[in-house]
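Step one of this worksheet: look at the structure below.
The values are calculated or read from the model by the stated rules, or taken from the named source; none is laboratory data. Please read all numbers here as calculations on a predicted model, not as lab measurements. For accessibility, only protein heavy atoms count, side chains too; no ligands or nucleic acids. Shrake-Rupley method; radii C 1.70, N 1.55, O 1.52, S 1.80 Å.
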Amino acid sequence: MSQLPVSTRRHSATHILAAAVLQMFPEAKLGTGPATDYGFYYDFLLPRPLIPEDLPILQEKMTAIAKQQIPFEYYEEPTSTAKQFLKTIGQDFKVELVEKFEKNDGTTKVSFYKNGEVFVDLCEGPHVEHTGQVGAFKLTHFAGAYWQGDANRDQMTRIYGLCFASDKEMRQHEAMLEEAKKRDHRKLGKELELFAFDEEVGPGLPLWLPKGAILVEELENLAKRMEAKYDYQRVRSPHIAKEALYLRSGHLPYYAESMFPPMELDNEKYYLKAMNCPHHHKIYAATPKSYRDLPIRLAEYGHCYRYEDSGTLFGLMRVRSLCMNDAHIYCSEQQFEPEFQKVIEMYLEYFKIFGIEKYQMRLSKHAKEGLGKKYVNEPELWIKTEDQVRKALQDMKVPFVEAEDEAAFYGPKIDVQIWSAIGREFTLATNQLDFAVPKRFDLTYVDQDGQEKTPICIHRAPLSTHERMIGFLIEHYAGAFPFWLAPIQTAILPVSEAQSEYAESVYKELKQAGVRVQLSAPDETLGKRIREGQMQKIPYLLVVGDKEVEGKTVTVRKYGEQAQVTMSIIDFAAKIQAES
């Protein structure tokens, strides 16, 4: 039983939930119920709103069904018969789903799964053998959801649950969820005074407070050092551009709904920049290029604006104002693989810096049916470039999976999944191959044979956006940032006014050495100031009393450790320099 795919268990749990709901509400209308990353959900149109007290009742009914070990039985019906059956039992939404598959002559077949006399549902499967094999499950909460995601259709009740192979795995996941609540970047961002949102500014538009701005600057400084190492050139571009630029790039036809509405100026339409690449293409085109110039790597922390749906906004993870760690590499076809691999190398360096041990690359590919609509209509180039990206990853022996119908409109891409210290998964960044847009911008270089050729463009953003990356790091470190990144690295705590003069001299010495240091005046008790320093997760608290003044030392308390060490300022400076 333990070898059953967890997705199969979770899918089967949705049927058990639906059966329990029909026992409690026989007139309920069934929507759809897929498996999720950690469990499942099912949408229902119910005769009354659910209340929290309903979930334990439904849980008991699900448990009773599971204990009966009722087999999952597969069968097929012609669509005409299926529709008649579903109409008879009053499941109108299911009838609608059958009609999507139905051919004009009604000969198409659809599949069902039934659990004896308890439950039957339109379903492709697969399922476990019987209800007792589902494993450990638990209903967690419910929310509203529109049928088929259409706000003009019925509003349904979506019931969520967790499902794992064993009670032990369930407990481990719940412990992770509890820890995740403590690490929630929105909660810690407020407590640590890093960022804020304000209704008068607008939803999804973060305000970086002084401490948060330090995080932003330190990340950008890290990126600049890394990009200098890999021979990038830094550029800057405006926050707006004419409509013609985004029409030429192809972004407007594909991404108009994600862009802020245009501004009318001098009989021209201007858009807030939603992506940096069209601007970088223009920078490349500003001067003639030879094969000797390639590869050209243009980097920018470009500020972009995207009109994300208000329902999807989530702290720093999904915002409307974002600063991207963006770059575009222009190279020949022969240079593509080594350049693409250098980008992956950069990702791996960042993972080491941030202590990211678990990650996975996802090769996102096109779908044939999307050609000319969702993707540029170059079928041969799609196959060729997807093979090139696959080969680059295979040659590096980097773990990756493949995903259909998730590419960028102009080429295949690598999406990077990472896991935080407590096992939460995040989509961090992307590495994209663009075989279409350089041609639209007439980008060329003169090759060795004197002929003009079009370069390949690699889009990459290994640190994602400041917003998403900092949201991840807050949760990854639980707000206790490593010394080099911490907004306040050291706080000096004189025991009383008698040590203030010495504390001031220590403060100046550390500040002169480039340490982000704070002097905590003895207005409150030492114990209270120590607690405040710990709540702010400051890496080092330096306590200064009479003995420290006499010996020209400080007593060092490191965050997360009980032991205290007394040392000279010179020794402390050497210690923190090693951590910077």
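At a glance:
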{"read-out": "Per-residue [θ]222 nm for the chain (sum of -39500 (n - 2.57) over DSSP H runs n ≥ 4, rounded to 500)", "value": "-11000 deg cm²/dmol"}
{"read-out": "Percent RCO, i.e. relative contact order, over the chain, from Cα pairs under 8 Å lying at least 6 residues apart", "value": "10"}
{"read-out": "Relative contact order (%) - criterion: Cα under 8 Å, at least six apart; region: the stretch 244-335", "value": "28"}
{"read-out": "Amide H contacts of A241 (H built 1.01 Å from N, under 5 Å, at least 5 apart or other chain)", "value": "Y271, K273"}
{"read-out": "Heavy atoms of M396: accessible area, 1.4 Å probe, square angstrom to 10", "value": "50"}
{"read-out": "Per residue solvent-accessible surface (Å²) - the stretch 1-96, probe of 1.4 Å", "value": "48"}
{"read-out": "Per residue, in Å², the accessible surface of the stretch 509-565 once ligands and nucleic acids are set aside, probe 1.4 Å", "value": "61"}
{"read-out": "Quotient of C-alpha Rg and 2.2 N^0.38 Å, computed over the stretch 1-72", "value": "1.12"}
{"read-out": "On Cα atoms only, tilt of 569-579 relative to the major axis of the chain in degrees", "value": "30"}
{"read-out": "Integer Hz, Karplus 6.51/-1.76/1.60 couplings in order for the stretch 294-311, x for Gly and Pro", "value": "7, x, 10, 10, 9, 10, 7, 8, x, 7, 10, 9, 10, 8, 5, 4, 4, x"}
{"read-out": "[x] 39.0; [y] 34.8; [z] 24.2, with the label sought being that of the calculated mean projected area of the Cα convex hull in nm²", "value": "[y]"}
{"read-out": "Amide H contacts of T32 (H built 1.01 Å from N, under 5 Å, at least 5 apart or other chain)", "value": "D43"}
{"read-out": "Interchain or long-range residues, amide H under 5 Å from F195's placed H", "value": "L209"}
{"read-out": "The chain, accessible surface, carbon-and-sulfur percent (1.4 angstrom probe)", "value": "50"}
{"read-out": "For the stretch 1-118: relative contact order, % (alpha-carbon pairs under 8 angstrom, 6 or more apart)", "value": "24"}
{"read-out": "Per-residue HN-Hα couplings for the stretch 425-430 [Karplus 6.51, -1.76, 1.60; θ = phi - 60°; Hz; x = Gly/Pro]", "value": "8, 10, 8, 8, 8, 8"}
{"read-out": "Solvent exposure ordering (accessible area, 1.4 Å, most first) of R9, R292", "value": "R292, R9"}
{"read-out": "³J(HN,Hα) computed for each position of the stretch 508-513 - Karplus, 6.51 cos²θ - 1.76 cosθ + 1.60, integer Hz, glycine/proline x", "value": "5, 5, 5, 4, 4, 7"}
